[in-house]
């Protein structure tokens, strides 16, 4: 049985799809005005695990993810600059160039962590018509009003506004800062923009389209509703995002979507917690927004980062440090060393242990408990199962974990020439019984990231970093 924590009900629920054995899943993708960093990548890795677990449980998943390339302001509450325009000014490039560059960087980053691409990666700027159509439906149903600056959704007309947080509208209104009400014609602080007009603060906005109400551009919230329902229908099985999206973005998505269709928008809301860096929040000012390039520059394999992500539950904060990443790298290297010794055809020749596989899936069925699932893998590594059955079972489990172990089956280490030279010198020292020099060379080799195990019939070289 697969159980998922549903933010909407605030409890763990058995997952049952709307359509038998098929899942429609929408994940909030990046706003492409800056580099994808490892905090983002934790969320997308968890999304990937969810997809893989659903597949392992026998579901056919249709996964849709958005690319926000217009309309996301620096504040989620309809104030500040458009993030894309701000990014373009910082880089002295066009908004279109910035959007393409950072979309490509996002894709590159996710592929480095072995994250499956979504079935549909959809851009907000490619779906302006769908967003206008949705706003028109809301207009006909009386949920919107217009000012000189924007078209707003009137939250007072949606009785269940705030059900995702459990917060009543009057409580939310009190909690909103008064300076958020930058439009004097805005009725309620919690009302949110569906369409901004290119006037006032946005008179020079580069990205603009014609609409029945006037020239402008869409708000951030309407984009996700329009695109998700375009590809998955009025009701989605699963919608994921960061916990920071709960009080505003996802609350607003629910309001506008259900107001338009009269149907439940999302059945299971899945929210991911934050990644901290050395026990502090990530921020540009602290210069701790590490990217996949920073990981590689330090000599780490990106999949070591994926391993680290798997060690914590997605609903709990995870602390990143270079030491914790090193631990992830070491564990990953140890797994790779194990599979290197397997015959390349062993997974085809051997049966998977049904009991161990069930134990593994049961762990993941407990709200995607990846750390518990990893523990099952290591139990199998240390078990006395026959080598063929052990190999086949571990490779089967890795189809869900996504660590790419099958790429290392029977694959010998490619030893760099400078390391091989030291190995040859050490072998000569051992033959001459110069054990002091042999130990010195062992230490030199270890500094270069390789460890030596001596056997009667030779030596085995392992990667340690």
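Annotations
- Ordering of 395-401, 211-217 by burial proxy (mean other Cβ atoms within 10 Å per residue, highest first): 395-401, 211-217
- Residue exposure proxy: 243, 144, ordered by other Cβ atoms within 10 angstrom of their Cβ from fewest to most, comes out as 243, 144.
- One Cα centroid belongs to region 392-458, the other to region 211-270; the line between them spans 52 Å.
- Considering helices alone, the calculated mean residue ellipticity of the chain at 222 nm is -13000 deg cm²/dmol, with DSSP H runs of length four and up weighted by -39500 (n - 2.57) and normalised per residue.
- Read-out Kirkwood radius over Cα pairs in Å, derived from the coordinates shown; its label in [x] 21.9; [y] 24.7; [z] 23.1: [y]
- Helix 95-112 axis, angle to the chain major axis (alpha carbon atoms, nearest 10°): 40 degrees
- When you restrict to C-alpha pairs under 8 Å that are six or more residues apart and normalise by the size of region 276-408, the relative contact order lands at 26 percent.
Coordinate-derived values only; no laboratory data. What you see is a predicted model; the values in this text were computed from it and never measured. Methodologically, a virtual Cβ is constructed for each residue, glycine included, from the backbone with ideal geometry; neighbour enumeration extends over all protein chains shown.
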